[in-house]
Amino acid sequence: MTSPQQPQPAPESGGQPMPPTAGPMPPASPQPAAGQPAPQQPSPEPSTPFEQGGSPSAGEAGTMMLQAQPQPGPGPAKEAGTMLLQAQPPAGGHPEPRPLSAHGPGRSGNEPGTMMLTVPASQPQPQQAQQPQQPPQAPAPQQQPPHPQQPPAAPNWQAAGAGYVSPIPVRPTHLGHALAAEWTKIRSVRSTMWTLGVMVALIVGIGLLTATALSGHRVGLGISYGFFSVLLGTLCIIPLGVLVISSEYGTGMIRTTMTACPSRARVLAAKAIVFFLLAFVITTLTTTLVTLALSGMLDSREPTLDEWLRCTVGAGLYVSMLGLLAMAVGSLLRHSAGAISAMFGVVLLPMLLAVFMLGSSSLQWLAKGLITYSVPNALATLYGMPFLGTGEGPQGWGPLGILTGVAAVALGAAFVVQERRDV
């Protein structure tokens, strides 16, 4: 505690905080004059419960008292306001308290406001309650022999540190994986089986009906009449080419495809390769079967090798390229009905417009141009029987080269758009 005239800062020692006093501090007495004996200080009234009721037992350790310092013996009395904070001394006496200045270690203990903190020399430790004896523990079981050494774990491909280690072997992906995925998709959907089945039925059925109807008649080149069956077959390959890619945009499965294979160019290339090979194989096999039937059933001259190749392999390539063009349009439009309508317009509209223009003399040149470069006339040119019957326009393998160039341009545009547009 400090005198009422002077504030007390926080003590620097790490001891217990002082309890508050029971009453106000007595006023400080004036200093005696030089050469006069110091007046006898009256014994202070007990102001704490310990002083009023008597000191506690000397054997209780840790009992703290807050009291005014009495006159320790003969000599000048201490100044008023000096307080001591000490523990109750045990029996046998207590050493002289050591002053701790409330204002720093450099101040004298006789100045007003000085606090006295006394610690007993030795305090008896309280006896701890006797702990009950615990029963003897059973001996620890022997450790099992270590397991055989596990094989080293696979390298973690997700993080460099500790984490999940995939048990699946990690392999770099390439175009072969995309081709396998697209082949699985194109052969597992019903639209592929229906469209290809109808195309085979049309080509083979109409080809056999034509051979039956012309049997017994003398014709120039019998295998040329296979054109009618292949022309109707193209009406089936166009929807299939559009649905190969537009159906995934319609159902939203294109997001799953792009998540599994982030390389969009690889996805589109795999679709184009798988569809082109499937359409080429099916079309070539069916056209070859129809050509053999026409060659055996009709009375006609023997076809040359070039005519054989154009009626079989050439027809298969032309129909496959037309389907590839339809797939490129489906990738650009991303809508099944719109892409199919656009492709049917490209195939049939030039011929229909030319029919209406033939009646006008001023538009005959335009009508002939539309007929010459139309898809039906180009396919008929492969079979050696163009519609106009003249040598104008592309001949032989020329129509196939023109369609290949158009399909390449459309497919290149589809690759560019696929990389720039979101799914």
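Things to note:
- The stretch 179-304 has equivalent-ellipsoid semi-axes of 38, 13, 9 Å, by the square roots of 5 times the alpha carbon gyration tensor eigenvalues, sorted largest first.
- Exposure ranking of Glu392, Glu182 by accessible area [1.4 Å probe, largest first]: Glu392, Glu182
- In this calculation the C-beta distance from His174 to Tyr373 is compared with R0 = 45 Å, giving a FRET efficiency of 0.70.
- Value of D in µm² per second that Stokes-Einstein yields for the stretch 265-393, Kirkwood Rh from Cα pairs, at 10 °C (1.306 mPa s): 95 µm²/s
- Of all accessible heavy-atom area on the stretch 269-423, the percent that carbon and sulfur account for (1.4 Å): 72 percent
The values are calculated or read from the model by the stated rules, or taken from the named source; none is laboratory data. Because the structure is a prediction, the values reported are computed rather than measured. Backbone-built Cβ (ideal geometry, glycine too); neighbour counts: all protein chains shown. Calculation scope for accessible area: heavy atoms of the full protein, side chains included, ligands and nucleic acids excluded. Shrake-Rupley method; radii C 1.70, N 1.55, O 1.52, S 1.80 Å.
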